[in-house]
Amino acid sequence: MHDQTMAQLAQALQRGDFSSVELTRHYLDRIQRLDSTYNSFITVTETQALQQAAEADRRLAQGDAPALCGIPLAHKDLFCTDGVRTSCGSKMLDNFVPPYSATLVNNLQTAGAVMLGKTNMDEFAMGSSNETSYYGPVKNPWAVDCVPGGSSGGSAAAVAARLTPGATASDTGGSIRQPAALCGLTGLKPTYGRVSRWGMIAFASSLDQAGTLTRTAEDSALLLNTMASFDPKDSTSVDQPVEDYTAQLSQPLRGLKIGLPKEYFGPGLHPETAAAVDAAVKVYTDLGASVQEISLPHSHLAVPVYYVIGPAECSANLSRFDGVRYGYRCDDPADLMDLYQRSRSEGFGEEVKRRILVGTYALSAGFYDAYYSKAQKVRRLIQQDFIDAFKQVDVIMGPTSPSPAFALGAKSQDPVAMYLEDIYTIATNLAGLPALSVPCGLVDNKPVGLQIIGNYFAEARLLNVAHQFQQETDFHARTAPGID
Amino acid sequence: MATVKPTDIAKLAHLARIAVSEEQAADVADRITEVLNLVDQLQEADTDGVEPMAHPLDTAQRLRADQVTETDQREAFQAIAPAVEDGLYLVPRVIDE
Amino acid sequence: MEWETVIGLEVHVQLATDTKLFSGSSTAYGAEPNTQASANDLAMPGTLPVPNEAAFRYAVMFGLAVNAEIAKRSVFERKNYFYPDLPKGYQTTQLAEPIVGPGYVDIELENGQAKRIRIHHAHLEEDAGKSLHEDFHGMTGIDLNRAGTPLIEVVTEPDMRNAEEAVAFAKKLHNIVTSLEICDGDMSQGSMRFDVNVSVRPKGQAELGTRTETKNLNSFRFMEEAIELEVERQIDVLESGGTIVQETRLYNGETKVARSMRTKEDSDDYRYFPCPDLLPVILDDEYIDTVRLQMPELPEARRARFIADYGLTEYDATQLTGERAMADYFEATVKACGEAKLAANWIMADLSAYLNKAELTIAQSQITPVQLGGLITRLADGTLSSKIAKQVFEAMTLGEGDADTIIEARGLKQVSDTGALEKMVDEVIANNSQQVENYRAADDSKRPKMLGFFVGQIMKASKGQANPQAVNDILKKKLEG
């Protein structure tokens, strides 16, 4: 069963080839047998999963069940799940069991999807290697001595190891697309505001967006159909009807105008990754697309902007973790200051603390104009680059990540090197644009990804462009060595 | 080039309520300086007349009708709280008022 | 040296919305601790704010009432600091782009002069929770029911020169927000709280002196006392060669003592930045015009109406509209009795004296407007003499019920029945033959004074219940006829 895509499994469930309980049990067994190698789950919710599967089977038997009814899924552990520990990969929330669920979790549950458990992640989604998790690093199923990428490393590894047909994830600077690239998956970050942020534990509010990690673009479309909604509880949710993202998948690409930003192919890009991206672009031209070089002149400033705005927002967003109302509280605080300082120092890991301090610095008196205000201005220049580009082209393509998966520990002592992992993905978060990564080749027997960036709310077009590529190639269908 | 000194770290750590020991301060200062050096590239950009962008969405805030929608869930919320008594959250004595 | 005092105010006005600024939790006062603290109010992970339209409507009303510019675009920012009653670790407030821009309020002083106090701006923000310092084994208890309640903070220019002006401004502001019904005005529950910035400078000097801020004053009286005390302190310090330290102070209204608050070490670095969970609020002219049309009557308009519709003097109208509750009381009384002038006199004289003596607000008055109206009705229709009316009023203050009940129970009805009065007059004439003779022998010019003797006797005999006019008429007829 686990060799099938979500779309195939959905059809099989609707046909009655097997039950959701059987399918769910199958994945639970795989998690139990295999995940000690990958460490992709923080919490496995076996009892609830089997209950939800039984309920899904009843709905399937009655007919008229939604497309995702009975499909097992895993949620990144920053989406709040009613009655299920939601840790955000942090000691701070190791004991946190929210009495409410994120809107997207509710949307999926209402549609009959089954939750297998909660996936590992970089602490508070801050990282590009999944090494900052309180629950230990996640291993890349393609090479277990390598990182799966981050911060949604657990979701990516779980799908790549076929421990779940698909997973939810979040992307603040590349946290869906980079692990998708490193694990050979399709990863979609929708337009900012398309999927509700309510119940998703915030890292940087103006950059965070929930999305999907799946094997195919078709699966992403299915998942997004249910996850996306207008949510009155999220002020930044966009009041715009949710399209059927599967409707345009088969549309031919003849006449598609592709832009290749010259800034995305400069030094720093692994030559073999570049070759894989070039080969992918060739597939598109064979399908009748035209290609032109474009320029996104402020691209090199995306990482600096991000490392002001992200930490600034996070420094305030993480102030609520103070040991008073929930989460970690230090033992025997001597006074109020001690309660705050020790609860936060003991509850947060090094990278989280570093970003809080950087953000505090960027917002502090005397530095606001030089850092925060300046970064916001450059952010607009970066957005304007994209607006100008989309006057000429339909989609923008380039590498997702500069190189394939790197060894565990290789960059964990060098924050700046780690930050450069996201050099091609961050700009779309700053602009709020949708983007996805599809597998486009292997370098050193490890997957690399093609990033496709679309205009605002052009998810259907992006998925169509990705799906057509997957009709011509089989990179998305390959399985990591050793995965049966 | 921005340089963060260990003494600056003490102030930041206090503002952020994060304890950084004196031994750690130099290392943390170096790490933050590295990040700030990366960030210093921003100064080269010409941003004269550019409006700061706080948000990717160029839309206006929706406003909510003034109707009570929340119910009392104190029991559920306090079940996960570290220290409560008589419905109150407890903290070490607040002195300054 | 002669000193000049300079005062500016920051006033926190709690808005009377049903729900909080960013969540659908009730704002009702007095609930059990933390039963009105939703996931959002508790800053549970993943929760997000959605602003309350009514809070903006009320802020716009306020802005229009103080002749201010209404910002078509306003932006919420985060003010970062740690405190247990602040669950998010930041207060969502407005800084660079507040909802209400510069405006002004005209106040009237005791000497009848008017003065204009400029308002710098007013912004919307959320209130914090409450820290309870009762002994929880040496711990402090936190109640977050109030956390997230909408406030407008009104910031004035330093335009006031003494405590009287500051109090007059504060009262005017109270009158405006209660007239607009955007605040219940209940200062004892913290619905309005004043921070007072005070400095002194040598008279004639343009430059401002160093100021101190006395925080969280919750009555007009405390405010007046705190200002006077602080002015005195500053002058003492300066005259003895010292300097004023810019600081936050607290005034204790019970002990009448002020002290410096332990300065928060990081209070000067709040790291404000625009809240990324919220978008700019854009209000158009149509919205503002709609609010303008829905605005309740303001004190100044009401004053003009009292003069035009009820024929009150300017002085009476000013007195009666100085406080929203007093003006409401007056109109309710007039509604009950139809006698505007009498109602005005009774409220400003007897009722005010009673409230002052009993230290009650008009809202706490034992006598309802309908009861006072009933009393005035009986006075106007001749049932009560004004002397007896005061007795009835007295009885009302003791909770003895409405006028008719008291008149009945105490047998206070004025006697106007001619037969009964004639009988009494006949008796008095019979018992005072010498005075009758004198009267009849006297000139017309002396008679009115002499008549008073007989009237007095009859009033005494009737225990004050005889209708004086009727007694006069009958006496004249009998003595002169």
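The values are calculated or read from the model by the stated rules, or taken from the named source; none is laboratory data. On a predicted model such as this, the values are computed, not experimentally measured, just so you know. Every residue, glycine among them, receives a Cβ derived from its backbone with ideal geometry; neighbour counts consider all protein chains shown.
Annotations for the structure displayed:
- Residues located in the range C:267-287, provided they are surrounded by fewer than 16 Cβ atoms within 10 Å (Cβ to Cβ) and either in contact (Cβ under 8 Å) with a residue 40 or more places away in the chain or part of a helix (DSSP H, G or I) (or both): C:267, C:282, C:284, C:285, C:286
- Members of the range C:238-263 found to be in a loop (DSSP other than H, G, I, E, B) and not aliphatic (A, V, I, L, M), listed by number: C:240, C:241, C:242, C:243, C:246, C:247, C:253, C:254, C:255, C:256, C:262, C:263
- Within the set C:360, C:312, the sole residue that is surrounded by 13 or more Cβ atoms within 10 Å (Cβ to Cβ) and at pLDDT below 95 turns out to be C:360.
- Whenever a residue of the range C:227-252 is surrounded by fewer than 16 Cβ atoms within 10 Å (Cβ to Cβ), its partners that are modelled with pLDDT of 95 or more and aromatic (Phe, Trp, Tyr), lying with C-beta atoms within less than 9 angstrom and at least six residues away or across chains, give the pairs C:235/C:3; C:239/C:3; C:252/C:222.
- Residue check, residue A:392 surrounded by fewer than 18 Cβ atoms within 10 Å (Cβ to Cβ), more than 12 Å from every other protein chain (Cβ to nearest Cβ) and modelled with pLDDT of 95 or more: yes
- Total residues in the range A:230-253, condition within 14 Å of chain C (Cβ to nearest Cβ), under 16 Å from residue A:434 (Cα atoms) and either surrounded by fewer than 17 Cβ atoms within 10 Å (Cβ to Cβ) or in contact with a helix residue (DSSP H, G or I) (Cβ under 9 Å, 6 or more places away or on another chain) (or both): 1
- Looking only at the range C:253-265, residues that are surrounded by 11 or more Cβ atoms within 10 Å (Cβ to Cβ) and either under 21 Å from residue C:162 (Cβ atoms) or not charged (D, E, K, R) (or both) come to 6 in all.
- Residue count for the range A:307-322, restricted to those that are under 20 Å from the mean Cα position of the chain (by Cα), at the interface with another protein chain (Cβ under 7 Å from one of its Cβ atoms), farther than 18 Å from residue A:92 by Cβ and modelled with pLDDT of 95 or more: 0.
- Positions within the range C:387-442 being over 21 Å from residue C:467 (Cα atoms), among the hydroxyl-bearing types (Ser, Thr, Tyr) and surrounded by 12 or more Cβ atoms within 10 Å (Cβ to Cβ), in sequence order: C:397, C:439
- Residue within the range B:38-52 that is more than 7 Å from chain A (Cβ to nearest Cβ) and within 15 Å of residue A:359 (Cα to Cα) present: yes
- Here the strands (runs of 3 or more DSSP E) wholly within the range C:18-119 that include at least 3 residues being surrounded by fewer than 23 Cβ atoms within 10 Å (Cβ to Cβ) are C:90-94, C:103-108.
- Residue A:187 vs. criteria more than 14 Å from every other protein chain (Cβ to nearest Cβ), touching a residue at least 40 places away in the same chain (Cβ under 8 Å), surrounded by 24 or more Cβ atoms within 10 Å (Cβ to Cβ) and more than 22 Å from residue A:112 (Cβ to Cβ): yes
- In the range A:91-105, the residues that are farther than 14 Å from residue B:82 by Cβ form Cβ pairs under 7 Å with partners that are of a type in the set (Lys, Arg) and surrounded by fewer than 24 Cβ atoms within 10 Å (Cβ to Cβ), at six or more places apart or across chains, as follows: A:103/A:233.
- Evaluation of residue A:285 against (1) without any contact (Cβ under 8 Å) to a residue 60 or more places away in the chain; (2) within 14 Å of chain C (Cβ to nearest Cβ) (one fails), failing number: (2)
- The single condition from (1) more than 7 Å from chain A (Cβ to nearest Cβ); (2) over 30 Å from residue C:139 (Cα atoms) that residue B:88 fails is (2).
- For the range A:375-429, a residue qualifies if it is more than 23 Å from residue A:284 (Cβ to Cβ), acidic (Asp, Glu) and outside any helix (DSSP H, G or I), and exactly one does: A:414.
- Scanning the range A:348-370 for residues that are part of a helix (DSSP H, G or I), within 13 Å of chain C (Cβ to nearest Cβ) and not hydroxyl-bearing (Ser, Thr, Tyr) turns up A:356, A:357, A:358, A:359, A:362, A:363, A:369.
- Close pairs (7 angstrom Cβ cut-off, 6 or more residues apart or separate chains): under 15 Å from residue A:414 (Cα atoms) in the range A:347-359, buried (at least 20 other Cβ atoms within 10 Å of the Cβ) and acidic (Asp, Glu) anywhere: A:351/A:123; A:352/A:123
- Flag for residue B:4 being part of a loop (DSSP other than H, G, I, E, B), at the interface with another protein chain (Cβ under 8 Å from one of its Cβ atoms) and touching a residue at least 12 places away in the same chain (Cβ under 8 Å): yes
- Residue B:63 fulfils the conditions (1) in contact with a helix residue (DSSP H, G or I) (Cβ under 7 Å, 6 or more places away or on another chain); (2) within 9 Å of chain A (Cβ to nearest Cβ); (3) modelled with pLDDT of 90 or more; (4) more than 21 Å from residue C:139 (Cβ to Cβ) except for a single criterion, (2).
Let's see how each residue does on (1) crowded, with 24+ Cβ neighbours inside 10 Å; (2) in contact (Cβ under 8 Å) with a residue 12 or more places away in the chain; (3) out of contact with any Gly (no Cβ under 9 Å at 6 or more places or on another chain):
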| site | (1), (2), (3) |
| --- | --- |
| C:136 | no, no, yes |
| C:144 | yes, yes, no |
| C:153 | no, yes, yes |
| C:157 | no, yes, no |
| C:164 | no, yes, yes |
| C:167 | no, yes, yes |
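- When residues of the range A:50-97 are limited to those that are more than 26 Å from the chain's Cα centre (by Cα) and charged (D, E, K, R), the one nearest to the other protein chains (Cβ to nearest Cβ): A:55
- Condition check for residue A:450: touching a Cys at 6+ places or on another chain (Cβ under 7 Å) and buried (at least 24 other Cβ atoms within 10 Å of the Cβ): yes
- Residue check for residue A:417: under 26 Å from residue A:376 (Cα atoms) and free of Cβ contacts under 8 Å to residues at least 40 places away in the same chain: yes
- Residue in the range C:264-287 that is within 14 Å of chain A (Cβ to nearest Cβ) and small (Gly, Ala, Ser) present: yes
- Residue check for residue C:148: under 30 Å from residue B:81 (Cα atoms) and either in a strand (DSSP E or B) or acidic (Asp, Glu) (or both): no
- Qualifying position, being closer than 27 Å to residue C:341 by Cα, of a type in the set (Val, Ile, Thr) and in contact with a helix residue (DSSP H, G or I) (Cβ under 8 Å, 6 or more places away or on another chain), among C:425, C:415: C:415
- Test result for residue B:70, farther than 28 Å from residue A:420 by Cα, assigned to a helix (DSSP H, G or I) and among the acidic types (Asp, Glu): no
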